[in-house]
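Heads up: the structure comes next, in structure tokens.
What follows draws every value from the coordinates through simple rules; no lab data is involved. What you are looking at is a predicted structure, and each value in this text was computed from that prediction instead of being measured. Cβ atoms come from the backbone with ideal geometry, glycine included; neighbour counts cover every protein chain shown.
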Amino acid sequence: MADIMNGYGSEHHVNGVHSNGNGGYINRSTPFTDSISNSHSTSNSLNGGCKNGHSTHHNGNSTSSSNMDSPGQEPYDLVCIGFGPASLAIAIALHDQKTQARVLFLERQQEFAWHAGMILPGSRMQISFIKDLATLRNPRSEFTFLNYLHEKNRLVTFTNLGTFLPLREEYNDYMAWCASHFEGCVRYGQDAVSVAPIGEKPIQNWAVRSRDVKKGQEKRLTARHVVIAVGGEPNIPKAFPQNPLSPRVVHSSGYSSTVPKLLNDKNKAYKIAIVGGGQSAAEIFNDMHSRYPNSKTSLIIKGSALRPSDDSPL
């Protein structure tokens, strides 16, 4: 029996650095400089080292052989650990405000991806597209969902659907489109190792260490401000064997990428258990019946029944 787990832990970790997902370790004694320039500009962009959206640091590779900042190099104004929706929203806000600041984003994945394991056919967002990365803050921003539709020649088509809830696949493409404007300010393939204060209080700078996911090389940089936005951690019930986790136990975050390889015969009568009673579990349960019509799929939940999907404004 293959088991599929649903849910995330409430505490987030970056190898010893703790955060509640709402950011952390921000030194407020040093303000940002006046403005941040357009990421397409030939002048300095978000991280001060990007030209026309390109950087000497990308995908974990550097043109420098040193594993730390140059001795005389100014600290970054801001380093964001993680480049998901939260950090992407920060990048867009700084861009829209034309804030001049050296900003760098560190991301473990090799490219931008948002819940890649749960992009299921027909699955839709649960909130209005108006609550995108920019509209409520600045409806005139070039990074609104409506402008994305316009740039993709889908504005009329989407309008004719008569819904405020885009497909999750399309919303993921929207965020990837936004992220593509800031590639020069992101180091992909970098796993954050530690964040530590430099010197005595009042703390002015932070030392951030990251490790290249592929090469294992560590780099050190300094920043005046650090935001931790690493997302959630998969929550696997203790009843299941841990360290290592059985290859037949799959968390929902890796569902669409793992299950087709694990269960590669669509006509076989598999026995599948889905543990959890949330939105993801319900979507996976429905998807399983479509993918494997001959299988016996059981949904195991704590409550007496599934709860209706939460479609409240909040």
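Sorting the segments 239-247, 115-123, 221-229, 127-135 by their residues' average number of neighbouring beta-carbon atoms within 10 angstrom, most packed first, yields 221-229, 127-135, 115-123, 239-247.
Exposure proxy check: 175, 125 ranked by fewest other beta carbons within 10 Å?
125, 175
Here the spin labels are modelled as points 7 Å beyond Cα on the Cα-Cβ line, and at residue 298 and residue 160 they lie 4.7 nm apart. In terms of other Cβ atoms within 10 Å, 159, 99 run from fewest to most in the order 159, 99. For residue 293, neighbours were defined as the other residues whose beta-carbon sits under 15 Å from its Cβ, and their charges (Lys and Arg +1, Asp and Glu -1) total +3. Pull out a ≥ b ≥ c, the square roots of the eigenvalues of the alpha-carbon gyration tensor of the range 101-169, then state rounded if a/c is under 1.5, prolate if not and a/b is larger than b/c, and oblate in the remaining case. Here the range 101-169 falls in the oblate category.
Peptides 203-216, 186-199, 77-90: what's the order by average Cβ count within 10 Å, highest mean first?
77-90, 186-199, 203-216
Summing Lys and Arg as +1 and Asp and Glu as -1 over all other residues whose Cβ lies under 15 Å from the Cβ of residue 114 gives a net charge of -2. Please say if the range 233-300 is rounded, prolate or oblate, where rounded means a/c under 1.5 for a ≥ b ≥ c the square roots of the C-alpha gyration tensor eigenvalues, and otherwise the choice is prolate for a/b larger than b/c and oblate otherwise? Prolate shape, in that a/c is at least 1.5 and a/b is the bigger ratio.
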